[in-house]
1. For the stretch 1-27, which residues satisfy the criterion of being within 25 Å of the chain's Cα centre (by Cα) and of a type in the set (Val, Ile, Thr)?
2. Pairs only if they're at least six apart or on different chains, beta carbon under 9 angstrom, first in the stretch 1-24 and in contact (Cβ under 8 Å) with a residue 12 or more places away in the chain, second among the basic types (Lys, Arg) and not in a loop (DSSP other than H, G, I, E, B); list them, first residue then second.
Amino acid sequence: MTEKPWRDRFRQEDELVEQLQSELLEAAIRRAQALADGVAEMGSVYKVAKEVGKSYTAVSNAIKKHTPTA
């Protein structure tokens with residue numbers, strides 16, 4: 001079996017990387033919205049962070065970076 005030329009393999013993998021990056025960004029936005037909803041429900045970033053086992057900073061930064069109203 002003949003292997004595809006490296007240029008073709010590169011283009012194929014590059015397209016996959018772009019697709020996965022797009023999906024990752026969409027997931028990060030949905031995740032941040034879920035965290036923001038948790039803050040609205042529980043009253044503080046600290047409580048949400050404790051609930052999900054993440055640091056306060058990680059939760060706060062995710063919300064700030066990926067929600068338009070944060």
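Each reported figure results from applying straightforward, stated rules to the coordinates on display, with no laboratory input. For clarity, every value in this text was computed on a predicted model and none was experimentally measured. With ideal geometry, Cβ positions are generated from the backbone for all residues, glycine too; neighbour counts draw on all protein chains shown.
1. 17
2. Listed pairs, sorted by first residue: none to list.
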